[in-house]
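Comments concern the structure below.
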Amino acid sequence: MIKKVFSFLLLIFSVIGFAQLSKVHYIPPLTSGPSNADPLDQWFYISTPINGDVSFKIKPVGGTADQEISYIVNNSNPKKIEIASSGYSQLFQDPSTTSAITTDKGYIIEAQDVIYVSIRMNAGGNAQAGALVSKGENALGTAFRIGTYDNQGSAGDNYLNFFSLMATEDNTTVDLSSNNISGLVIQNYSGQFPIENITLNRGESYTVALKVTDANGNKDGLIGALVSADKNVVVNTGSANGSFGNGGARDYGIDQIVGEDKIGKEYIFVKGEGQDSWDRRKHAHLYLPPLW
């Protein structure tokens, strides 16, 4: 029986591991700030299981051909590539510019063969850190449910819940809606959900950000919000900063998610060694990038 269970788990994690491998990776922008959440150093970690050399190109959205950078990677030589040393960048969008179609943030990474892509960063005077794993082609979908921290403790003025989406095809129409709560205060947007008929071309993005201290509903009001599109999009979501606990501690909690068609209806929850007030798993991430 033990051998059967082990073999089953090995199969699951093998399939999940390969689910990150892709020749194309879309990276919508992130957002955060101010002060204790301000972004510092930001990095790509890129690797492959392929024995031979694999060439890939990092394309900044809205950039010119001379701003595209090519690299080579193989299974014994991964790459750590700096995005920025600090501040808002090609990856990080100032929250004051959200709630608008963005044509010059984020990345598209194209490779000759399959690669893994993850992003890692420090923030807030090195008091915070975060990481995001690209799901590659498995990130593409037309319906997504948003997740963030619930922020029921003492929220600071640098607690920000957000999601960002990027189109993978021209003339993509996106609708954003939520039945969770009313009275949300969305950065740079005077209305409420739904936000409808956003038209994006490939690589263009749209980011929704809620400062937690702007309204009581902003603490957890994005949880369960629906992103729906008529063509495939890619979605990043989370909190920067935020918390599940009741104290003043905080951190980044962000990731690239998969669509409703891939999340399933059965889950395995694993209890960590943290205090109960902090270690409350709202969802489980089983996509694990290789560490080098």
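The values are calculated or read from the model by the stated rules, or taken from the named source; none is laboratory data. Predicted, not measured: the structure shown is a model, and the values here were computed from it. So basically every Cβ, Gly included, is an ideal-geometry build from the backbone, and we count neighbours across all protein chains shown.
Quick rundown of the values:
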| item | result |
| --- | --- |
| Tabulated pairs, region 204-220, first more than 27 Å from Ala167 (Cβ to Cβ), second hydrophobic (A, V, I, L, M, F, W, C) and in a helix (DSSP H, G or I), C-beta under 8 angstrom, 6+ apart or interchain | Lys219/Val212 |
| Close pairs (7 angstrom Cβ cut-off, 6 or more residues apart or separate chains): surrounded by 13 or more Cβ atoms within 10 Å (Cβ to Cβ) and in a strand (DSSP E or B) in region 243-271, of a type in the set (D, E, K, R) and at pLDDT 80 or above anywhere | Gln256/Lys135 |
| Residue ID - surrounded by the most Cβ atoms within 10 Å (Cβ to Cβ), chosen from residues in region 170-185 that are in contact with a helix residue (DSSP H, G or I) (Cβ under 6 Å, 6 or more places away or on another chain) and modelled with pLDDT of 90 or more | Leu184 |
| Matching entry among Ile46, Ile50, Ile27, Ile12 (being at pLDDT 50 or above, surrounded by fewer than 17 Cβ atoms within 10 Å (Cβ to Cβ) and β-branched (Val, Ile, Thr)) | Ile50 |
| From the options Asn188, Asn218, residue that is closer than 18 Å to Asp94 by Cβ and either assigned to a loop (DSSP other than H, G, I, E, B) or not hydroxyl-bearing (Ser, Thr, Tyr) (or both) | Asn188 |
| For Val258: the one exception among (1) under 24 Å from Asn201 (Cα atoms); (2) in contact with a Ser or Thr (Cβ under 8 Å, 6 or more places away or on another chain) | (2) |
| Hits in region 213-238 - residues which are of a type in the set (Gly, Ala, Ser) and either touching a helix residue (DSSP H, G or I) at 6+ places or on another chain (Cβ under 8 Å) or surrounded by fewer than 19 Cβ atoms within 10 Å (Cβ to Cβ) (or both) | Ala215, Gly217, Gly224, Ser228 |
| Unique match (being assigned to a strand (DSSP E or B) and of a type in the set (D, E, K, R)) among Asp66, Asp41 | Asp41 |
| Residue count, region 141-154 (criterion: surrounded by fewer than 20 Cβ atoms within 10 Å (Cβ to Cβ) and farther than 25 Å from Pro34 by Cα) | 3 |
| Index of the failed condition, Ala167 passing every other in (1) of a type in the set (Gly, Ala, Ser); (2) at pLDDT 95 or above; (3) over 24 Å from Asp104 (Cβ atoms) | (3) |
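Every residue, every condition in (1) modelled with pLDDT of 95 or more; (2) surrounded by fewer than 22 Cβ atoms within 10 Å (Cβ to Cβ), yes or no:
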residue: Ala127; (1), (2): no, yes
residue: Lys135; (1), (2): yes, no
residue: Gly156; (1), (2): no, yes
residue: Gln187; (1), (2): yes, yes
residue: Phe193; (1), (2): no, yes
residue: Asn197; (1), (2): yes, yes
residue: Val208; (1), (2): yes, no
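A quick yes/no check of all residues on (1) part of a strand (DSSP E or B); (2) within 17 Å of the chain's Cα centre (by Cα); (3) of a type in the set (D, E, K, R); (4) within 30 Å of Gly245 (Cα to Cα):
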position: Val174; (1), (2), (3), (4): yes, no, no, no
position: Leu184; (1), (2), (3), (4): no, no, no, yes
position: Tyr206; (1), (2), (3), (4): yes, yes, no, yes
position: Val233; (1), (2), (3), (4): yes, yes, no, no
